[in-house]
Amino acid sequence: MIRIVVALIPVLLLSGCISQQPVPAVDRSTSRAAVQPAGPGYYTVKRGDTLYRIALEHGQDHRDIANWNNIANPSAIKEGQILRVAPPGLAAEPVADGAVTKPIEVGSAVESRSLDQPASSVAAPAQNGALKREPRVGKEPYSDEAYARLNKVGGETAKPVEAKPEVKPEAAPAVAAGPDDVPWMWPTSAKLSAPYSDSGNKGLDFAGKAGDPVLAAGDGKVVYAGSGLRGFGELVIVKHNATYLSAYAHNRKILVKEGQQVSRGQKIAEMGNTDADSVKLHFEIRKQGKPVDPAQYLPKR
């Protein structure tokens with residue numbers, strides 16, 4: 001009997017080890033999530049966004065935004081994705097704790113003196129990085145000849161300088177035109193059918209006939225030509241400079257290509273009714289991506 005019990009003990013111990021559940025391993029190592037850029041110069045993709053619309057809303061070329069964000073397929077952006085929408089270097093780069101990194105300005109002048117030279121005798125650095133040096137003053141014993149020499153300039157006795165009234169420079173006339181201003185012209189001779197509205201129409205609408213010429217309102221580069229923006233039909237967008245771009249919507253035919261330089265008054269499209277209920281041209285001027293009233297920029301008719 002004792003032999004049987006002794007023989008069963010190893011079996012019971014083995015079965016207990018088999019039935020015991022293993023303790024789950026817990027990874028307690030801390031890892032910091034990758035910090036996503038945010039703030040000025042960046043945009044978080046929302047549901048329904050397209051790269052073309054994001055570019056229009058920020059006054060950029062959609063190809064530039066694709067390059068800045070290494071996007072090969074413009075339709076591959078996802079909701080929640082953070083995109084750079086300003087040229088690299090213009091926006092401050094955020095870091096993990098939310099601080100903004102800025103370069104530290106360091107003066108170019110370096111103090112140089114011998115070990116036995118007092119610090120007070122070292123010249124102060126000038127603004128251009130050179131060292132200012134104090135004039136050296138010599139000493140000589142007093143004499144009538146020395147006194148007379150010091151009080152003569154070019155052989156003539158020095159005369160006191162008469163103070164002249166201060167002449168103030170004339171104020172320069174104010175310059176109205178800025179570096180990014182555009183000499184605008186009307187994009188069509190058709191009749192205006194709907195004005196700009198802050199709460200509704202973000203541009204001007206012109207009623208015309210199918211095939212009427214649509215003209216570039218200013219010199220610039222075509223940054224978009226196609227029908228990828230819902231609600232605009234066949235659309236042309238011209239970027240004039242870093243501040244302004246103009247948009248021409250609902251064309252029946254586009255006559256320019258992306259990347260093409262166009263001149264003020266050049267025919268870029270034909271008026272139509274794509275994605276519209278009637279033949280018309282919808283014209284917008286955008287300042288840094290935001291719609292503005294074109295009537296405030298166009299010349300008086």
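For region 222-245, a tally of residues being crowded, with 22+ Cβ neighbours inside 10 Å and of a type in the set (Gly, Ala, Ser) returns 1. I'd like the full set of residues that are in a loop (DSSP other than H, G, I, E, B) and closer than 13 Å to ILE285 by Cα, limited to region 199-218. Within region 199-218, ASN201, LYS202, GLY203, ALA216, ALA217, GLY218 qualify. Among the aliphatic types (A, V, I, L, M), over 16 Å from ARG53 (Cβ atoms) and assigned to a loop (DSSP other than H, G, I, E, B): does that describe ALA242? Yes. Confirm whether ALA66 is modelled with pLDDT of 80 or more, under 21 Å from the mean Cα position of the chain (by Cα), surrounded by 10 or more Cβ atoms within 10 Å (Cβ to Cβ) and within 19 Å of LYS287 (Cα to Cα). For ALA66, the condition - modelled with pLDDT of 80 or more, under 21 Å from the mean Cα position of the chain (by Cα), surrounded by 10 or more Cβ atoms within 10 Å (Cβ to Cβ) and within 19 Å of LYS287 (Cα to Cα) - is not met.
Filtered by the rule that a residue be charged (D, E, K, R) and within 19 Å of GLY89 (Cβ to Cβ), region 38-75 gives ASP61, ARG63, ASP64. Residues that are surrounded by 13 or more Cβ atoms within 10 Å (Cβ to Cβ) and of a type in the set (D, E, K, R) number at least 3 in the following strands (runs of 3 or more DSSP E) confined to region 260-301: 280-287. The single residue among VAL214, VAL236 that is farther than 23 Å from PRO87 by Cα and β-branched (Val, Ile, Thr) turns out to be VAL214.
The values are calculated or read from the model by the stated rules, or taken from the named source; none is laboratory data. Everything quoted here is computed from the prediction, not taken from an experiment. Positions of Cβ are generated from backbone atoms using ideal geometry, with glycine treated the same way; all protein chains shown enter the neighbour counts.
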